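Here's the structure, in structure tokens; my notes come after.
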Amino acid sequence: MKKVIVITVILALVVCGIILSWSPPRLNVRLAATEGRPVQRVRAIQGGASWTGIGIAFHSDSPHPLQLSPDELAAVTLYLNGVDGEIRLAFRGGFPPTSVYAVRWRAEYATGTQPSSDMFESWESVEVDGRTIRISNDGEDYIYEIAAHWPIANSFASYTFRVMSGSE
């Protein structure tokens with residue numbers, strides 16, 4: 001009888017989206033098409049995470065986004081091609097986070113080495129509207145870090161991608 005009740009409770013929690021998967025979801029980033037620019041998609045680099053799932057809990061650390069090498073960032077780069085853009089964040093492989101925050105640094109600070117404390121502290125907060133970030137092309141290139149939170153399981157994960165103002 002106990003076993004049936006436990007299984008029923010677990011299934012109900014899974015159906016309600018309360019129990020998290022074994023690992024944080026992937027973050028797919030999509031830059032909407034505009035005249036002269038096709039849709040662009042990248043899978044963001046997963047950074048640090050603290051994750052709780054069924055029978056598992058872990059904490060992982062990762063380099064700060066400014067410590068990523070140019071080669072690592074090249075694989076997660078979107079190009080504005082000189083116009084404004086709209087980025088859509090899509091979390092895959094689990095249920096969506098309840099809150100999402102974004103910050104950015106000027107891309108010139110990402111050297112693959114240890115940046116100065118001034119560079120670390122020079123981040124700018126970025127507005128996230130639902131799962132959308134609107135970008136005004138100011139001629140600068142930026143490294144974005146997305147922090148997502150799943151408070152019901154006290155879990156979080158961070159993700160990184162780069163946005164270039166010009167074209168490939």
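The values are calculated or read from the model by the stated rules, or taken from the named source; none is laboratory data. Since the structure is predicted, the reported quantities are computational estimates derived from the model, not experimental observations. Neighbour counts run over all protein chains shown; Cβ positions are idealised from the backbone, glycine included.
Of the strands (runs of 3 or more DSSP E) lying entirely inside segment 40-81, the ones with 2 or more residues being farther than 21 Å from ARG104 by Cα are found at 45-53, 56-60.
Going by the structure shown, is LEU89 part of a helix (DSSP H, G or I), modelled with pLDDT of 90 or more and hydrophobic (A, V, I, L, M, F, W, C)? Spell out how you get there, then give the answer.
Details: part of a helix (DSSP H, G or I): no; modelled with pLDDT of 90 or more: yes; hydrophobic (A, V, I, L, M, F, W, C): yes.
Here the answer is no, as LEU89 does not meet what is asked.
Listed by first and then second residue, the pairs with beta-carbon distance under 9 Å, at least 6 apart or on different chains, first residue in segment 125-147 and touching a residue at least 12 places away in the same chain (Cβ under 8 Å) and closer than 17 Å to SER167 by Cβ, second basic (Lys, Arg) and part of a strand (DSSP E or B), are GLU140/ARG106; ASP141/ARG106; ASP141/ARG162; TYR142/ARG104; TYR142/ARG106; TYR142/ARG162.
Which one is surrounded by the most Cβ atoms within 10 Å (Cβ to Cβ) among residues in segment 96-129 that are touching a helix residue (DSSP H, G or I) at 6+ places or on another chain (Cβ under 8 Å) and part of a loop (DSSP other than H, G, I, E, B)? For segment 96-129, the residue satisfying everything is ALA110.
Which one is farthest from ASP118 (Cα to Cα) among residues in segment 49-95 that are surrounded by fewer than 17 Cβ atoms within 10 Å (Cβ to Cβ) and among the aromatic types (Phe, Trp, Tyr)? In this case the residue turns out to be PHE95.
With the requirement that a residue be closer than 18 Å to TYR109 by Cα and out of contact with any Gly (no Cβ under 7 Å at 6 or more places or on another chain), what does segment 146-168 give you? Within segment 146-168, ILE146, PHE161, ARG162, VAL163, MET164 qualify. Being surrounded by fewer than 12 Cβ atoms within 10 Å (Cβ to Cβ) and within 17 Å of GLY166 (Cβ to Cβ) is true of PRO38. Here SER167 passes the criteria (1) surrounded by 14 or more Cβ atoms within 10 Å (Cβ to Cβ); (2) of a type in the set (Gly, Ala, Ser); (3) touching a Phe, Trp or Tyr at 6+ places or on another chain (Cβ under 6 Å) except the one numbered (1). Pick from segment 44-64 the residues that are in contact (Cβ under 8 Å) with a residue 60 or more places away in the chain and of a type in the set (Gly, Ala, Ser): which of them is nearest to LEU78 (Cα to Cα)? Result: ALA44.
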